[in-house]
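Here, each number is a calculation from the coordinates, and none is a lab measurement. Everything numeric here is computed off the predicted structure, so don't read it as measured data. Cβ sites come from the backbone with ideal geometry, for glycine too, and all protein chains shown count toward neighbours.
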Amino acid sequence: MQLVLLRHGESTWNRTNLFTGWTDVPLSERGVAEARTAGRALATAGFAPEVCFTSYLKRAIKTLWLALEEMDRMWVPVHGSWRLNERHYGALQGLDKAEMAKKVGEAQVKLWRRSYDAAPPPVSPDDKRHPRNDPRYAGVAPAELPASESLKDTIARVLPYWDAVIAPELKAGRRVLIAAHGNSLRGLVKHLDRLGDDAVAALEIPTGAPLAYDLDRELRPLSRAYLSLPPEPRARTA
C-alpha cells in the first residue's frame with residue numbers, strides 16, 4: 001500500500017517569516033516551482049495516485065493541482081477537508097516571527113512554535129481570523145472550529161479524518177496522495193511512525209518534498225523516503 005505526504009510549496013508568508021496558520025495565502029514563485037518539481041519527482045518514481053486529499057487552504061490545493069498536472073493525473077478524485085488544515089496559530093496569525101521574539105522573548109516564541117501542547121493566545125469569536133467568520137467553514141459545527149491550537153490539538157482533529165476516510169482508501173488498495181501542511185502532516189507522521197511527543201515536536205517537514213511510504217495491510221510502515229529528481233547529468237568537457 002502506497003502513501004505520499006506532500007507539504008505545500010513555499011507560501012508568500014513562509015517567505016516573509018509570518019505566522020500563517022489558517023490564513024489563506026498563496027504560493028510564492030518558489031513555492032510554485034517546488035510543487036511542480038514534486039510532481040515530476042513523483043512521476044519519475046512511478047507513483048500514480050488514485051485518490052488525493054488536501055485541506056481547505058489554497059497553498060495546499062494549488063500544490064496538489066500543480067503536482068497532478070506534472071503527473072498528467074488531474075482527473076484523479078480530490079477530497080478536501082478542514083481537518084487537514086495547518087495548525088491554527090490564534091492571535092499570532094499575520095505577525096512577524098522575529099518581531100514577536102523581540103517583543104515576548106525567543107523562549108516564548110519557541111514554546112509556541114515547537115512545544116507539543118502549548119497553544120498561542122486565541123483569537124476572539126468576532127476576530128476576522130476566527131474560522132467562524134469564514135464562509136468556507138459554514139458547514140462545520142462552531143464548537144469544532146479552533147481559536148488557537150497546539151500541535152497536540154492539531155493531531156487530535158487530523159486523526160479522526162485519517163481513520164474514517166483516508167485509511168479505508170489505503171486498505172482498499174488505492175494509492176493515496178495527501179497535500180497538506182507542516183503540522184497536520186507531522187500528526188500523520190507521528191501516527192504512522194509511532195513517534196513520541198518530544199520527537200514529533202522536533203520534526204521538520206520541508207516544503208515541496210514528497211515523503212513516500214510503503215505500508216503493510218495494517219498500515220504500518222515498511223519503508224519511507226523523501227523523493228527527489230535525479231541530478232542533471234554534467235556536461236561533458238572537451
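Here are some notes:
- The relative contact order of the chain comes to 31 percent, based on Cα pairs under 8 Å that sit 6 or more residues apart.
- Rounded to 10°, Cα long-axis angle of helix 58-71 versus longest principal axis of the chain: 0
- Considering the range 99-180, its Cα convex hull presents a mean projected area of 7.4 nm².
- Across the range 174-191, coupling constants 3J(HN,Hα) worked out from phi with the 6.51/-1.76/1.60 Karplus curve, θ = phi - 60°, read 8, 6, 10, 10, 10, 9, 8, 10, x, 7, 5, 6, 4, x, 5, 5, 4, 5 Hz, and Gly and Pro carry x.
- Ser11 long-range amide H proximity, modeled H, under 5 Å: Ser28
- Stokes-Einstein diffusion coefficient of the range 4-76, Kirkwood radius over Cα pairs, 25 °C, 0.890 mPa s, in µm²/s: 198
- Rounded to whole Hz, the Karplus (6.51, -1.76, 1.60) HN-Hα couplings of the range 142-152, x for glycine and proline: x, 5, 8, 7, x, 9, 5, 9, 8, 4, 4
- Among the chymotrypsin sites (Phe, Trp or Tyr not before Pro) within the range 39-138, those in coil by DSSP and having at most 14 neighbouring Cβ atoms inside 10 Å are Trp75.
- In units of the compact-protein estimate 2.2 N^0.38 Å, the range 146-215 shows a Cα radius of gyration of 1.12.
- Rg ratio (alpha-carbon, reference 2.2 N^0.38 Å) - the range 81-130: 1.21
- A P(r) calculated from all alpha carbon pairs of the range 103-238, with 5 Å bins opening at zero, reads 2, 8, 14, 17, 17, 14, 11, 7, 4, 2, 2, 1, 0, 0 percent.
- Nonlocal amide H pairs with Gly80, under 5 Å, H built at 1.01 Å: Thr54
- Cβ crowding within 10 Å ranks His191, His88 as His191, His88, fewest other Cβ atoms first.
- Gaussian network model of the chain, springs between alpha carbon atoms under 10 Å - residue of Asp216, Asp126, Asp72 with greatest fluctuation: Asp126
- Restricting attention to the chain, the count of lysine pairs at 8 or more positions apart or across chains with alpha carbons under 17 Å apart stands at 4.
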